[in-house]
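The values are calculated or read from the model by the stated rules, or taken from the named source; none is laboratory data. What you see is a predicted model, and the numbers here were worked out from it, not measured in a lab. All Cβ positions, even for glycine, are placed from backbone atoms using ideal geometry, and neighbour counts span all protein chains on display.
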Amino acid sequence: MERIDTEVAIIGGGIVGGSAALFLRRLGVPVVLLEAALCGAKASGVNYGGVRRQGRGIEQLPLARRAHELWGQLPALIGIDGEYVRSGHLKLATSDADLALLEAYRDNTRGFGMDLEILDRRALAQRFGWLGESVVGGSFCPQDGHANPRLVSPAFGRAAAALGADVREGVRVTSATHDGTRFIVRAGDTLEVRSRYLLNCAGAWAGRFAEGFGEPVPETSIHPLMMVTEPLPLFMNVSLGMQGGGIYARQVARGNCVIGGGRGVSADPDYARPGRANLGALMANAVKLLPVLRGAQVIRFWTGVEGNMPDHNPVLGPSATVPGLFHAFGLSGAGFQIGPAVGEILADLVVHGRSSIPIDAFRIERYAPAAHGAAARPDRLREQTLESP
Amino acid sequence: MAILKRLAETGRPALTFTFDGQTCTALAGDTVLTAVLTQAERLRTSEFGGGPRAGFCMMGACQDCWVQLETGERVRACSTYIEPGMRLQSAALAPASTPGTLAAASAPGTLTAAAWPEDDAS
Amino acid sequence: MSIVMPVIVGAGPAGIRAAQTLAAQGLRPVILDEGLRPGGQIYRQPPPGFSRPKSALYGFEHRKADAVHRTMQELQGNVEYRPGCLVWNAEGKTLDVLRDGVSTAVPYTHLILATGATDRVLPFPGWLTPGVYTLGGSQVALKHQGCAVGSRVAFLGTGPLLYLVAYQYAKAGAQVVAVLDTSRFADRVAALPGMLRAPALLAKGLYYMAWLRAHGVPLRSGARPVAVQGGDRVTGLSYTQNGRTHTLDCDAVGFGLSLRSETQLASLIGCDFEFNERDRNWIPRRDAAGRSSVAGVYVAGDGAGIAGADAAELAGERAALALLEDTGHPHDARRARILDSQLAANSRVRAALERAFPFPEDWASSIADDTVVCRCEEVTAGTIRQAARDNGVQEMNRLKALTRVGMGRCQGRMCGVAGAEVLAHAVGCAPQAVGRLRNQPPVKPIPVSVVCLERPAKKAA
């Protein structure tokens, strides 16, 4: 059995755990990161790739604003551009009621620097004439964008390793406990890591560890269904979303259109598959939204395993039961953009004992038995966080 | 110049089709690949690198021989038979939109924004 | 006995013999054929109205081809043959089948996958140039369309198909400028004792070689390609032999290194896979009869491991007998034992063929960095090696995520073997150790505008 003593142990090498490791290393803190598969290979690596602030609940916007700054420095952080582009994010409405909700969102979120512009149907026809006729308007956020999660997420773990993080891939944590002095994290009987701090960044599998420390949470797994077309001539110059959820689409520089909507099915706790039941609807919706796709071909469907919380907000912050334990999971299908800021906050919490960004809405205590009443959220806000990107 | 050379089966009825606007002749029973490559040197141009492509496996596996019809559909040239009047083009179809109008769907219908219950806890 | 709804995917020799065997016991299988006429690729039939006799199309195998075609014809009333059908997805005993822009669901209780194989290729400079085709592709052009892939054709690679296609081209009146075999004469000599188990096959091979020589076609052994010349189309091919470089004047190249199995549906269904050393590739794990690791799913023919057309007929019949046995139908156990014995004998011949025409293991390491490996995405060997070196990539799916190898329209069919060979060599491990690309639907591109004739499941309120 290999034994390692360190300052911070991190369970999970997705964009959250990887960025936490990176920011801790930039502060000179010793880190051991344990990843069951390969860094950035799970939800962090197979999601839609939306890098957007627009559409998030207001409690996430400080986090998203900080993340936006970090994304602006991506090459300096992780050494690659990850195909990140500030294409703009256009959130569409297919009814006047939905357009009114977009207008209300713009009004409620002034001051967060998103510069939202409401476009009516005529404006959409002028600027985005390739959209299908069902749209009545939209909200345009000029500086939101998208990136390639397959490149970006693994790069965080790699950047952390380059700065001296001890990154162990193919290592599945089988137990995490605290012996009164320090955390003991074991991977079978091959590896034991003993640390002063523990970061639970285990994504869809994090609930298990939270429960092990006496703070169970109602985390579930969701499987956003994705598809990608063959390369097509470039026509889509923004990332698209829909008020109310249901479909989102972007076109990469090489021409493939990446489109998501609906759900896949769980194959086992570790994997999901694009269930056949929803493939037809996704394709039909894609063609209605983007009629130019009617001559194009799908070359692949896929899905992933993402941790989801009932209010679609992450669990982020100190443990309620064990000092030195910090949780960061349950990003509910919207973790790609905020991931780097979450990692930075975790480093902040470890080193400075506090977060400079408000995270009270994400405290794990909201799932403590006495807090059940406080977990209810107004419908309007929850609907806005339902969509994935 | 042409890639393919006819060695046999030349006694078949002729038909005409167009490729990049040019009228061409093929024989009934030709695949689209045969029809094009018995008179041209490429089926399409690679999206990456811009090189010419003329198919590869001839049996529907390599997916190299997809050709654009002017109507918008795409056909796999090695496994699709040429039809009289078929209008092929070597370039992938760019979206044609009239400025100031939204794109018409081929079949009317409303976009189902919330086509599925997004999660169980709604 | 509960209702048995057997479905067969593929109407090549394996699928047809499986259908025949099931129909003989009163079962009525659905046969889903991506092709438009039965026969698969090896016995692919030209469109109606073509005039050449089968002896011209299939050479020495024409009686077998004809028998397979006739069998299918005679089965028409007793099976449900559906041509032009692409099975693009499989899940939970349901197949999604695309025909003419419409996708329908085909349920099954028992499934025989007879999905066949395609050429196995390794890249070399210029292999994307128009005029370069696979050996199988070159043969299909001639068989199915009466066309040669060029006027002056060079053939390159190894395996019995190399000499067969060259012979067929020359006999059909094409100019065959050379046959370049990567195997050495010594390989074939060493395999001779094993090849004597299959005297007919050996005789045919020797005949093709002798005929080609007698007709002035140069046969070279121990060859390796250097590069295709020509930009818009092939104008020549340079190769090495015995340390010396030669250049051929040609306008087409047909090449291939044996075959690779089509296994995507078996993968989607959840069959276990194992690395087969002889095929140097991943194939579904199966018992001798063709039962996969999934109950009720059988695999037969080249789609379950490369064994040739004769073995495919035997394997199709054998898998159907297993299906009959497993469903409590009368089945000829004695015939099953005979088939088992014949298939085992065929396997020994296959081993000899692999000895005679070995996979050129040195090829991958010799591919120049700027040679494209993934033709769909134009990813070079250098990019693969860099991913291994700089990003610690040791596994195919990670390679795909970081470099796009296998991410294009063909989803790794053409580049999967080469990508694994280059990666394994860069990592310093066996090809098996880098794993295999994960499969997802659709197994081939389908139109986004496909009409799916089944509503998505609505969740209960």
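Across segment C:88-123, the qualifying residues are those that are within 14 Å of chain B (Cβ to nearest Cβ), out of contact with any Lys or Arg (no Cβ under 9 Å at 6 or more places or on another chain) and within 20 Å of C:Asp302 (Cβ to Cβ), and the one among them that is surrounded by the fewest Cβ atoms within 10 Å (Cβ to Cβ) is C:Leu122. Would segment C:430-442 turn up any residue that is surrounded by fewer than 23 Cβ atoms within 10 Å (Cβ to Cβ) and more than 30 Å from C:Ala288 (Cβ to Cβ)? Yes, segment C:430-442 has at least one match. Evaluated against (1) over 19 Å from A:Leu331 (Cβ atoms); (2) of a type outside the set (Gly, Ala, Ser); (3) away from chain B (no Cβ under 14 Å), A:Glu133 falls short on exactly one condition, (3). Scanning segment B:4-38 for residues that are at positive phi and of a type in the set (Asp, Glu), we see that the one that is nearest to the chain's Cα centre (by Cα) is B:Asp20. Within segment B:40-94, being charged (D, E, K, R), at the interface with chain C (Cβ under 10 Å from one of its Cβ atoms) and in contact with a Phe, Trp or Tyr (Cβ under 8 Å, 6 or more places away or on another chain) holds for B:Asp64, B:Arg74, B:Arg76. Elements of the type helices (runs of 4 or more DSSP H) sitting completely within segment C:116-202 and holding at least 2 residues that are in contact with a Cys (Cβ under 8 Å, 6 or more places away or on another chain): these cover C:135-145. Among the residues of segment B:1-20, those identified as touching a residue at least 12 places away in the same chain (Cβ under 8 Å) and part of a loop (DSSP other than H, G, I, E, B) are B:Met1, B:Ala2, B:Ile3, B:Leu4, B:Glu9, B:Thr10, B:Arg12, B:Pro13, B:Asp20. Residue selection: A:Gly40 satisfies the criterion of being over 30 Å from A:Val135 (Cα atoms) and either more than 19 Å from the chain's Cα centre (by Cα) or modelled with pLDDT of 95 or more (or both).
Summed over segment A:29-62, the residues that are within 20 Å of A:Asp166 (Cα to Cα), more than 13 Å from every other protein chain (Cβ to nearest Cβ) and in contact with a Gly (Cβ under 7 Å, 6 or more places away or on another chain) give a count of 1. Looking across segment B:4-25 at every residue that is among the small types (Gly, Ala, Ser) and away from chain C (no Cβ under 11 Å), the one that is farthest from B:Ala91 (Cα to Cα) is identified as B:Ala14. Going by the conditions given, is A:Val171 in a loop (DSSP other than H, G, I, E, B), surrounded by fewer than 24 Cβ atoms within 10 Å (Cβ to Cβ) and touching a residue at least 12 places away in the same chain (Cβ under 8 Å)? Answer is yes for this residue.
With a requirement of 3 or more residues that are more than 12 Å from every other protein chain (Cβ to nearest Cβ) and under 23 Å from the mean Cα position of the chain (by Cα), the helices (runs of 4 or more DSSP H) lying completely within segment C:378-447 that satisfy it span C:416-427. Here C:Asp390 fulfils each of the conditions (1) on the phi < 0 side of the Ramachandran plot; (2) in contact (Cβ under 8 Å) with a residue 12 or more places away in the chain; (3) not polar (S, T, N, Q) apart from (2).
Out of C:Gly126, C:Gly131, one residue alone is under 28 Å from A:Ala296 (Cα atoms), within 11 Å of another protein chain (Cβ to nearest Cβ) and either of a type in the set (Lys, Arg) or in contact (Cβ under 8 Å) with a residue 40 or more places away in the chain (or both). It is C:Gly131. Segment C:13-101 holds helices (runs of 4 or more DSSP H) entirely within its bounds, and those carrying 1 or more residues that are over 21 Å from B:Gly29 (Cβ atoms) map to C:13-23, C:62-75. Listed here are the strands (runs of 3 or more DSSP E) enclosed by segment A:255-330 that have at least 2 residues being at pLDDT 95 or above: A:257-263, A:297-302, A:306-308, A:315-318, A:325-329. As a summary of the residue check, C:Gly59 satisfies the conditions (1) exposed (fewer than 15 other Cβ atoms within 10 Å of the Cβ); (2) assigned by TED's automatic domain parsing to the domain that holds C:Ile306; (3) at pLDDT below 95 except for the one numbered (1).
Applying a threshold of 7 Å to beta carbon distances and a minimum spacing of six or more residues, or different chains, the list of pairs starting in segment A:235-248 at a residue that is over 17 Å from A:Ser134 (Cα atoms) and ending at one that is of a type in the set (Asp, Glu) reads A:Ser239/A:Asp144. Annotation note: Cβ proximity below 6 Å between a residue of segment A:258-269 that is of a type in the set (Ser, Thr, Tyr) and a residue that is in a strand (DSSP E or B) and buried (at least 24 other Cβ atoms within 10 Å of the Cβ) (sequence gap 6+ or interchain) occurs for A:Ser266/A:Ala272.
Of all residues in segment A:19-63, exactly one satisfies the criterion of being aromatic (Phe, Trp, Tyr) and closer than 24 Å to C:Val393 by Cβ, namely A:Tyr48. Answer yes or no: is there a residue in segment B:30-37 that is facing chain C (nearest Cβ under 8 Å), in a loop (DSSP other than H, G, I, E, B) and surrounded by fewer than 19 Cβ atoms within 10 Å (Cβ to Cβ). Among the residues of segment B:30-37, not one is facing chain C (nearest Cβ under 8 Å), in a loop (DSSP other than H, G, I, E, B) and surrounded by fewer than 19 Cβ atoms within 10 Å (Cβ to Cβ), which makes the answer no. Considering (1) within 14 Å of chain C (Cβ to nearest Cβ); (2) over 21 Å from the mean Cα position of the chain (by Cα), the lone condition that A:Gly14 does not fulfil carries the number (2).
With respect to the conditions (1) under 30 Å from A:Glu103 (Cα atoms); (2) surrounded by fewer than 24 Cβ atoms within 10 Å (Cβ to Cβ); (3) within 14 Å of chain C (Cβ to nearest Cβ), A:Ala267 falls short on a single one, namely (1). Looking at B:Thr31, B:Thr71 in this structure, which one is touching a residue at least 40 places away in the same chain (Cβ under 8 Å), in contact with a strand residue (DSSP E or B) (Cβ under 9 Å, 6 or more places away or on another chain) and among the polar types (S, T, N, Q)? Result: B:Thr31 is the single residue among B:Thr31, B:Thr71 that is touching a residue at least 40 places away in the same chain (Cβ under 8 Å), in contact with a strand residue (DSSP E or B) (Cβ under 9 Å, 6 or more places away or on another chain) and among the polar types (S, T, N, Q).
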